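These notes concern the structure reproduced below.
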Amino acid sequence: GYDYATLAPDWMRGTGERYSGDVGSELLRIIAQMLVLGVLLGWAFGWMTKFLLGFVYNSRYVEVAAIIGMSYLAFWLAELIMGSSAVLAVVVMGLYMNLHKSAISPKVLLFLHEFYEMIAYALNTLIFAIAGAKRLEDAPKRAKVYAFAIALWLQRHNRGVAVGAHSNVHRPCQA
């Protein structure tokens, strides 16, 4: 949700009145609010995350929670409070953290990479389950239930095999 600050002017919403203002100033205001504010917010949250990680060393749960929590906070603050581009804020924060990845402990960096891979697989599974359920909307009710159960079982089974095979191949050797 965008708040009142990013709503289109009345003349764009079809209220019937002609626009008598300056289109250029409206465009510049929206670009400044969405683009510039999103980039600045992402940079600020990246800097704050790097600063906070300076107080922690080799605490994987604290570092991962700080990075994910600051990402969500940046998204929420940009989207709902500031009325700017939340996606751009999170992307800029991620780019800033990638540039300063030395702020993350070395052991935690590997854990963070594996954690993000696990989250990506879980979300990928969820997206395909939702897409499969949407495809079954036109089928009869009983066929929907059976088809969805079979598709979900097959997908979970295949995803589990893929994740298991992938994680064992790429895991570093422990001495």
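The values are calculated or read from the model by the stated rules, or taken from the named source; none is laboratory data. This is a predicted model, so every value here is computed, not measured. All Cβ positions, glycine included, derive from the backbone under ideal geometry; neighbour counts span all protein chains shown. For the accessible areas, the whole protein counts, side chains as well, though only heavy atoms, and no ligand, DNA or RNA atoms are used. Shrake-Rupley method; radii C 1.70, N 1.55, O 1.52, S 1.80 Å.
Answer rounded, prolate or oblate for the range 27-87, using the Cα gyration tensor with square roots of eigenvalues a ≥ b ≥ c: rounded when a/c is under 1.5, else prolate when a/b is larger than b/c, else oblate. Prolate, because a/c is 1.5 or more and a/b exceeds b/c. Measuring only protein heavy atoms, the 1.4 Å probe finds Ile130 accessible over about 90 Å².
Classify the range 36-131 as rounded, prolate or oblate, taking a ≥ b ≥ c as the square roots of the eigenvalues of its Cα gyration tensor: rounded when a/c is under 1.5, otherwise prolate if a/b is larger than b/c and oblate if not.
oblate
Can you pull the percent of the range 30-102's accessible area that's carbon plus sulfur, 1.4 Å probe, other chains left in place? Roughly 77 percent of what the probe reaches on the range 30-102 is carbon or sulfur. Summing charges over neighbours of Val108, with a neighbour being any other residue whose Cβ is under 14 Å away from its Cβ, gives +2 when K and R count +1 and D and E count -1. Note on Leu109/Asp22: beta-carbon distance plugged into 1/(1 + (r/R0)^6) with R0 of 45 Å gives a FRET efficiency of 0.35.
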